[in-house]
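K.L.:
The structure's right below; bear with me while I get my questions together.
Read the figures in this text as sums done on the coordinates, not as results from a lab. The shown structure was predicted, so the numbers you read here are calculated from the model rather than taken from an experiment. As a convention, Cβ positions derive from the backbone with ideal geometry for all residues, glycine included, and neighbour counts pool all protein chains shown.
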Amino acid sequence: MAGGAALISGAGLAILMSSSGNPAGVFMFVLGLIATAVFALLSLFSVFTSVSILGVALGVAALTIVLAVTTGFQKEFRDKGARRQRARHRAQESGDVCGVPTS
C-alpha cells in the first residue's frame, strides 16, 4: 500500500516536472504525499495515535493558513482606515457639516 502511495507521488512529481503548474500533477503529488504520510504513520503507530497526530497536524496547518491570510490583509485594512481618516480630516477642514467629503 505504501509503495502505491509513493508511486502516485512520483508520478505526480514527474507530471509537475514535465509541465509546470499542471493541476493534475499538483493533485497527484499532494495526494501521494498525504497517502505516504498516512501509511507511514499507520506502520509506526496504532490507528488512534495516527488519527490524533493527523488531527493535530491539520489543526496546526489550518491555524498557520488563517494567520498568514489575516496578516496579509492587515496592511490593507490599515491603509483603508488611514484613507478614511484623511478624508474625514479634509472634510472637517473644508467646513463640510456632515463630515463626508463632497468629491
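K.L.:
Quickly estimate the mean residue ellipticity at 222 nm for the chain, helices only: each DSSP H run with n ≥ 4 gives -39500 (n - 2.57), and the total goes over all residues, rounded to 500.
P.N.:
-30500 deg cm²/dmol
K.L.:
Rounded to the nearest 0.05, what FRET efficiency do ALA61 and ALA82 give with R0 = 41 Å and r taken as the Cβ-Cβ distance? Could you check?
P.N.:
Numbers: r = 33 Å, r/R0 = 0.80.
Computed FRET efficiency for ALA61 and ALA82 comes out at 0.80.
K.L.:
Among all helices in the chain defined by DSSP H, which have a length of 20 Å or more along the axis from Cα atoms plus a Kyte-Doolittle mean of at least 1.6? Write out the running numbers ahead of the final one.
P.N.:
Numbers: long enough: 2-18 (24 Å, 1.65); 23-44 (32 Å, 2.26); 47-94 (70 Å, 0.10).
Span-like helices here: 2-18, 23-44.
K.L.:
Quick one, can you get me the convex hull of the C-alpha atoms of the stretch 1-44 expressed as volume per residue in Å³?
P.N.:
So the per-residue hull volume is 45 Å³.
K.L.:
By what distance, in whole Å, do the Cα atoms of the chain stretch along each of the three principal axes, largest value first?
P.N.:
75, 38, 14
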